[in-house]
Amino acid sequence: MGIIIKPLVTEKMTAITEKLNRFGFIVRPEANKLEIKKEIEALYNVTVVDVNTARYSGKNKSRYTRSGIIKGRTNAFKKAIVTLKEGDTIDFYSNI
């Protein structure tokens, strides 16, 4: 286990969830679609119909401050968008 890092809760992902019953997760880069499907079904007790994945590379960022330019880099990550069976849903806010 430990393939799923965290659920992806953004404004865009929430709109997709309400319209198409799809949920987003940040997953480990070496995870494949079958492993992602198995873990989500085990964690949330739902039926996964489809898994789409995308890899994002880290981007260079810089900002100007009083003490000069600060340069850094954002993290690279892999995103999985999971389509659930009609009628199934995941409530991310139930344990708050």
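Read-outs: derived from the displayed coordinates by stated rules, not from any lab. Please read these numbers as outputs of a predicted model, since none were measured by experiment. In this analysis, Cβ positions are derived from the backbone assuming ideal geometry, glycine residues included, and neighbour counts consider all displayed protein chains.
What to note about this one:
- Output for region 34-63, where each listed residue is of a type in the set (Lys, Arg) and farther than 16 Å from PRO7 by Cα: LYS59, LYS61, ARG63
- Matching strands (runs of 3 or more DSSP E) fully within region 23-96 where at least 1 residues are surrounded by fewer than 11 Cβ atoms within 10 Å (Cβ to Cβ) and among the hydrophobic types (A, V, I, L, M, F, W, C): 48-56, 68-73
- Considering region 46-96, and only residues there that are within 16 Å of the chain's Cα centre (by Cα) and among the charged types (D, E, K, R), the residue that is farthest from THR17 (Cα to Cα) turns out to be ARG55.
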